[in-house]
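S.K.: So that we are looking at the same thing, I have put the structure below in structure tokens.
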Amino acid sequence: MQSSASTEPTSSSVGVGGQGAASKLPDPPKELFARRYKFVWPLLLTVNLAVGGLCFSLSFSLLFFFVAKWWEIEIIKEN
């Protein structure tokens, strides 16, 4: 027959305050990721705006080019 003392944790495995050693959490980072790299955000937004503007202008340029070509073909067909 086992005694109830053998199922209880020993004093060496119990931390301060009655918590086990496995319940310790690592320290959170001191700064957030966004604040740590705060100098990158203006650059990232500027590049994003530039690439978006380039794609927007190229798409309208190509659209205008193909519509102009289509109009040339239509005018030639009418004459």
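S.K.: If the cut-off is 21 Å between C-alpha atoms, which lysines fall inside it for Lys38, apart from same-chain ones fewer than 8 positions away?
M.R.: Counting by Cα, and skipping residues close in sequence, Lys38 has these lysines nearby: Lys30.
S.K.: Could you check the spin-label model distance between Ala50 and Phe64? Points 7 Å from the Cα along Cα→Cβ, value in nm.
M.R.: 2.2 nm
S.K.: From the phi angles alone, apply the Karplus equation (6.51, -1.76, 1.60; θ = phi - 60°) to segment 37-43 and give each ³J(HN,Hα) in whole Hz, x where the residue is Gly or Pro.
M.R.: So the Karplus estimates, Gly and Pro as x, are 10, 5, 6, 7, 4, x, 5 Hz.
We did not get these values from a lab; they are worked out from the coordinates using the rules stated. Because the structure is predicted, anything quoted here is derived from the model rather than measured. Every residue, glycine among them, receives a Cβ derived from its backbone with ideal geometry; neighbour counts consider all protein chains shown.
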